1. In whole Hz and in residue order, list the ³J(HN,Hα) couplings for region 64-76 that follow from phi through the Karplus curve 6.51 cos²θ - 1.76 cosθ + 1.60, θ = phi - 60°; x for Gly and Pro.
2. Just how far, in whole angstrom, is region 318-364 from region 260-275 if you go by their alpha carbon centroids?
3. For the chain, calculate the relative contact order in percent as a whole number, restricting contacts to Cα pairs under 8 Å that are 6 or more residues apart.
4. Over 26 Å between Cα atoms, which of K122/K236; K89/K302; K349/K377; K102/K236 qualify?
5. In terms of modelled amide H atoms, which long-range or inter-chain residues lie less than 5 Å from the amide H of G295?
6. Residues of region 412-439 with backbone nitrogen within less than 16 Å of a virtual label 7 Å along the Cα-to-Cβ line of R334, please, listed as ranges.
7. Among rounded, prolate and oblate, which fits region 278-318 when a ≥ b ≥ c are the square roots of the eigenvalues of its C-alpha gyration tensor, a/c under 1.5 means rounded, and a/b larger than b/c means prolate?
8. Using the Karplus curve 6.51 cos²θ - 1.76 cosθ + 1.60 with θ = phi - 60°, work out ³J(HN,Hα) for each residue of region 314-326 in order, rounded to whole Hz, and write x for Gly and Pro.
Amino acid sequence: MLEFQELTVKEGARLRPYYETCDYRLCEYSLGVKLMWRDYLHPWFTEAAGCLIIRNCIEGQYVFDYPILGPEGDAGAALAAIEQYCGDKELPLVLSVVPEDKASQLVLRYPRVTVISERPWKDYLYHTEDLAQFAGRRYSGQRNHINKFRRDYPDAAFVALTDPNDPRLTAFWTDYEAEFHKTGPLAKQELALAQEMFSLLDTGWFCAGGMLAEGRLVAVSLAEKCGGTLVNHIEKALYSHAGAYPAIVQAFAACCGDGCDWINREDDARDKGLRTSKLQYLPAALGGKVRLQVGTELDILKRVPSLKTERLPLTALRPSDRDAYNALCLDDDRNRWWGYDYRTGLGDKPLTEDYFLDAAKADFAARRAVNFAVRLKGKLIGEVVLYRPDFRGGFEQGCRIAPEYAGHGYGTEAFAAAADWALYHLGLQRVVAKCFKENEASRRMLSSCMRPNGEDDTYYYFEKLV
């Protein structure tokens, strides 16, 4: 299973090569955004299938970026690892800020998925040549502002910034804060984070520059090259120096945009003024981002259905099943074959009389699993559970029968009926199962209604397909 670790500045040198070659053209696929907005995104990372996998935690919910490929990366295998992680952890599978051109293949990958694409998420993408030259009538406004700026400050010049301790930067932030009139918490936070990003200039991950006029910085910019796109994280200019903003935009594109066909000036954060400004620079495209909330076939169920075999009804668990169900769940000798110790999920919580029934109820409410009570003459004698979705039309299935009812074929009968229901009524593409190699009874049960699908040192694996 994937193991994640926190994404911090200390890991930047390890992760930057992924972003350096990433061609998704979106600002979220940059090291700078992950570092600058880490207190909002809470990004953690791992590497699998030659890819960088980012797990963010936004407002308490885990969401995953689309995998970033390394030299021999396999996006499909990385997605499968994310799917398995979410299934094992009983987490919803949410892929966020997916590049629009990846969305169609993901819609085909997942049988049940909700797709969301909002206008405010889109990044503003410009041809580097357009911003570097401001050529043609459509950019006459920008040229006029720059010409006035250069008339007012004939000594104005663009300079590269490489030293985080450059005293000119310190002076710029002092001047900028004196003119900064936005009072919103997000604007103030963004300003503080922008200053923090300039402290990373000596890492070599970013390129930065400023516009000097009369010996002091009046505008600064910091960006990151990701594939063929220059992702511009920070653009600031003193309000008192009219024309400094378009001047830094043009000079930065001309001096730092080499090797990049595109400049991404990020989204507008739902700010009307920012949107107006970004549109005035005439983006060549809007970089779309898609959120995919992947569901499962259990989402269509309003309640646990009832099934009937030749001898056994399979129904929802009932409050009257509590004692029999507790005995089934607490049978350690029997449940060593179940592959799950209830104490793991219990943690420090007390074991109440309703714990197991409540857990099954909660799993179905979240559509993580469905538990069928196996009954004989109305009495609960075991259960069949459909659980651990793969989000691609498959679930794992397990079955356990109370010891006093073993040896009569009840498990085989109930398991086969539930698997058929899952495939032909629920609409799954596959049902999988496994058993410990030492558990000969389970192996015989699974072999009777499923086909073998490999083995390892611990388990025999089985599957049943439509």
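Each reported figure results from applying straightforward, stated rules to the coordinates on display, with no laboratory input. Keep in mind that what you see is a predicted model, and the values were worked out from it rather than measured. Every residue, glycine among them, receives a Cβ derived from its backbone with ideal geometry; neighbour counts consider all protein chains shown.
1. Once rounded to whole Hz, the list reads 10, 6, 5, x, 9, 7, x, x, 10, x, 10, 4, x.
2. Cα centres, region 260-275 to region 318-364: 52 Å.
3. Details: 810 pairs, mean separation 70.6, N = 466.
It rounds to 15 percent for the chain.
4. Details: K122/K236 21 Å; K89/K302 24 Å; K349/K377 35 Å; K102/K236 33 Å.
From the list (K122/K236; K89/K302; K349/K377; K102/K236), the Cα-Cα distance tops 26 Å for K349/K377; K102/K236.
5. The answer is R112, V113, T114.
6. From region 412-439, the list is 412-415.
7. Numbers: a/c = 9.93, a/b = 5.84, b/c = 1.70.
Here region 278-318 falls in the prolate category.
8. In residue order, the calculated couplings are 10, 9, 5, 5, 10, x, 5, 7, 3, 5, 5, 6, 4 Hz.
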